[in-house]
Amino acid sequence: MNLEFLLTLLKLKRKEGIEPQIILLSAVIGNLNGLERWLGGRLLLNTERPVPLNEGIIKSNGNFRYIESDSGEEKTINLFSPQYRKGTGQDVIIPLVQKLVDEGKNVIVFRETKSEAQACAMYLSNNLDLAPASEAIKMLPQRDPSTSTQKLRHVLNKGIAFHISDLDPDERSVIEEQFRNKESGLRVIAATTTLAMGVNTPTEAVIISGLTHPGSVPYSISEYKNIIGRAGRLGLAQRGYSYLVSLTSFAEHTYWQDYVLGKPEDLKSNFVSKETDCRSLVLKVLSASKSQVGMNQDRIIAFLEESFGAYQEKIKYDRWDWNQNDIFDALTELIQHKLIKLDEEGYFHTTTIGRIAGESSLEVESIIRIINVLNQIPPDQLSSPVLLGITQLSKELEQVYMPINRRSVYKEPHTWNDAINKQQVPQQLINAFSKYSKDNIESTSKSKKQLHACFGYQICNW
């Protein structure tokens with residue numbers, strides 16, 4: 001939503017005689033659905049892959065079913081004999097990585113979570129006989145090592161690394177740099193998807209084990225295609241290889257149809273999505289206005305109808321108008337929460353807090369929740385733990401995954417609530433955790449996140 005708002009602002013500058021130049025770049029994308037026409041630009045599209053890719057699924061029996069990107073042919077070959085260890089992805093990953101490394105290839109293994117990536121590096125280091133990545137070890141920062149740093153040094157001694165957010169940025173930078181250097185001895189990285197997004201770390205082979213984000217959210221096809229895009233970069237390899245680990249016949253069918261043969265999702269606007277809060281759109285429009293006289297409802301609607309979302313809807317329905325009742329209701333609520341005000345001439349203006357909120361990336365609902373609870377808590381009780389707890393009320397942090405035992409209806413909720421009480425958190429904030437949660441699990445998750453934030457804060461101070 002924020003990106004579309006910025007593009008709409010830039011597009012409207014043309015009506016003021018200002019002609020910003022806009023270049024939009026994407027490696028993996030579906031149908032643009034008219035984005036280039038809305039911006040008044042040209043589409044430059046190239047679907048050819050300069051380095052061919054063998055993309056497919058690898059089964060527990062060692063069979064690799066794949067499609068060659070250059071010929072379009074589907075093939076199946078056997079890469080290794082079945083190895084029965086634990087009945088998990090290890091049974092495939094260990095012999096496959098061994099084969100690829102023996103062939104002189106660099107490999108990135110993508111796992112779903114940080115703990116899985118770390119564990120993967122550990123069992124690979126214990127099962128593969130690789131030379132130490134000595135230069136990488138020398139380049140690591142010399143400081144008091146964290147648990148993750150100690151484990152990283154351990155696996156680097158066996159030619160393996162992991163790349164997760166628990167490592168410091170300079171540690172991750174060393175891994176990326178050494179992996180790009182063919183002479184470094186670092187041949188294999190186990191990583192989460194953070195390594196696939198915007199980090200220049202090409203490889204010859206990619207192995208993907210698991211296609212679900214924390215919180216049981218499946219990878220989009222675009223995310224999957226972006227991950228396998230690491231395999232086989234121009235000037236670095238003659239051909240790339242991507243292996244999607246499939247341990248069951250059901251997974252094999254689903255992965256093949258939905259991901260290997262799947263096409264990236266088409267581009268669509270979030271402005272007109274049912275999940276988008278109209279109040280946030282209206283407040284952003286008012287905050288961006290430089291007019292001293294403010295904006296009336298018609299001008300607000302006129303701005304929104306310049307958006308990509310409105311453009312898409314007009315193409316779809318031939319004629320389309322923004323719902324005036326939705327705009328009126330949004331304006332009314334924003335006035336009630338003192339984020340905007342209405343003057344005698346019928347023009348709307350942002351208040352100070354409204355302007356700050358509108359210029360931020362936060363949703364209006366987050367701002368309203370925070371203001372409401374701040375109004376209930378005496379200023380002398382606003383300690384650091386309390387302020388960290390208030391941030392947990394935001395819609396944005398609700399989307400951050402926190403592992404929690406959903407079957408525990410007594411132990412886990414009481415454990416975290418008791419710990420919250422020891423932090424001397426006022427009852428008003430504890431009540432807000434429940435008020436702004438859809439169920440007890442979400443409320444418990446807020447408490448758990450708050451305590452983790454407090455712990456991190458105390459560590460930083462220490």
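Things worth noting here:
- Difference of contour (0.36 nm per residue) and Cα-Cα distance, SER384 to HIS414: 8.5 nm
- Cβ-Cβ FRET estimate between PHE455 and GLU344, R0 fixed at 56 Å, reported to 0.05: 0.60
- Only helices enter the 222 nm calculation for the chain: every DSSP H run of n ≥ 4 contributes -39,500 (n - 2.57), and dividing by all residues gives -13000 deg cm²/dmol, rounded to 500.
- The range 163-309 - percent relative contact order, Cα under 8 Å, separation 6 or more: 18
- Measuring against 26 Å, Cα to Cα, the residue pairs LYS13/LYS263; LYS284/LYS395; LYS105/LYS151 contain LYS13/LYS263 as the ones spanning a longer distance.
- Given a 1.4 Å probe and the protein chains as shown, ILE57 ends up with an accessible area of around 0 Å².
- Farthest positive-ward along the chain dipole, Cα basis, beta-carbon charges - from THR254, ILE420, GLN292: ILE420
- Measuring nothing but how far apart in sequence close Cα pairs (under 8 Å, 6+ apart) lie, relative to its length, the chain scores a relative contact order of 14 percent.
- Computed about the Cα centre, the dipole magnitude for the range 307-462 is approximately 820 debye when only Lys and Arg (+1) and Asp and Glu (-1) carry charge, each at its Cβ.
- Projecting the Cα atoms of HIS213, LEU267, PRO82 onto the dipole axis of the chain, where Lys and Arg carry +1 and Asp and Glu carry -1 at the beta carbon, places PRO82 farthest toward the positive end.
- Between GLU265 and TYR84, the simple label model (points 7 Å from Cα in the Cβ direction) yields a spacing of 4.1 nm.
- Accessible heavy-atom area order of GLU183, GLU305, highest first, probe of 1.4 Å: GLU183, GLU305
- Scanning residues 5 or more positions from ILE208 or on other chains, those with amide H under 5 Å from its amide H are PHE110, TYR243, LEU244, VAL245, with H placed 1.01 Å from N in the peptide plane.
- Rounded to 5, the percent of DSSP beta bridges in the chain classed as antiparallel: 40
- Dipole axis of the range 74-201 (+1 Lys, Arg; -1 Asp, Glu on Cβ), positive-most option in GLN178, GLY104, HIS163: GLY104
- Paramagnetic reach from ASP298 in the range 311-333 [backbone N under 19 Å; point 7 Å along Cα→Cβ]: 320-329, 331
- For the range 328-399 versus the range 38-75, the spacing of their alpha-carbon centroids is 47 Å.
- Simple label model, 7 Å out from Cα along Cβ direction - SER71 to LYS290, nm: 6.0
- Accessible area of THR113 in the full protein assembly, 1.4 Å probe (Å², nearest 10): 40
- Cα-Cα over 20 Å, subset of LYS114/LYS411; LYS15/LYS341; LYS11/LYS268; LYS99/LYS158; LYS225/LYS268: LYS114/LYS411; LYS15/LYS341
- Part-to-part distance (alpha-carbon centres) for the range 2-32 and the range 116-188, which is given in Å: 40
- Fully extending the segment from SER360 to LEU397, taken as 0.36 nm per residue of separation minus the present Cα-Cα distance, adds 11.8 nm.
- Label point 7 Å beyond Cα of GLN238 along Cβ direction - residues of the range 62-77 with amide nitrogen under 18 Å: 68-71
- Filtered GluC sites (Glu not before Pro), the range 1-85: DSSP coil and at most 11 other beta carbons within 10 Å: GLU48, GLU73
- Using a Förster distance of 56 Å, the FRET efficiency for ASN325-ASP144 (Cβ separation, nearest 0.05): 0.40
- Heavy-atom SASA rank of CYS278, CYS454 (probe 1.4 Å, accessible area, largest first): CYS278, CYS454
- Nearest-10 value in Å² for the accessible area of HIS154, using the 1.4 Å probe: 80
- Net charge dipole size for the range 1-94 [Lys, Arg +1 and Asp, Glu -1 on Cβ; Debye, nearest 20]: 300
- Charged neighbours of THR201, selected by a Cβ distance under 11 Å, balance to +2 (K, R count +1; D, E count -1).
- A Cβ-based charge dipole, computed about the Cα centre of the chain with Lys and Arg at +1 and Asp and Glu at -1, lands at about 820 debye.
- Pairwise label distance in nanometres, ILE353 with SER434, each label 7 Å out on the Cα-Cβ vector: 2.4
- Calculated FRET efficiency, ASN31 to ARG180, Cβ-Cβ distance, R0 = 56 Å: about 0.95 to the nearest 0.05.
- Length gained when the stretch HIS253-LYS422 is fully extended (0.36 nm per residue, less Cα-Cα span): 55.7 nm
- Eligible aspartates and glutamates near LYS274 by straight Cα distance, threshold 14 Å, same-chain separation 8 or greater: GLU313, ASP326
The values are calculated or read from the model by the stated rules, or taken from the named source; none is laboratory data. It should be emphasised that the depicted structure is a prediction, and the values quoted were computed from it without experimental measurement. Cβ coordinates were reconstructed from backbone atoms using ideal geometry, including for glycine residues, and neighbour counts include every protein chain displayed. Remember, those area values only see protein heavy atoms, side chains included, never the ligands or the DNA or RNA. Shrake-Rupley method; radii C 1.70, N 1.55, O 1.52, S 1.80 Å.
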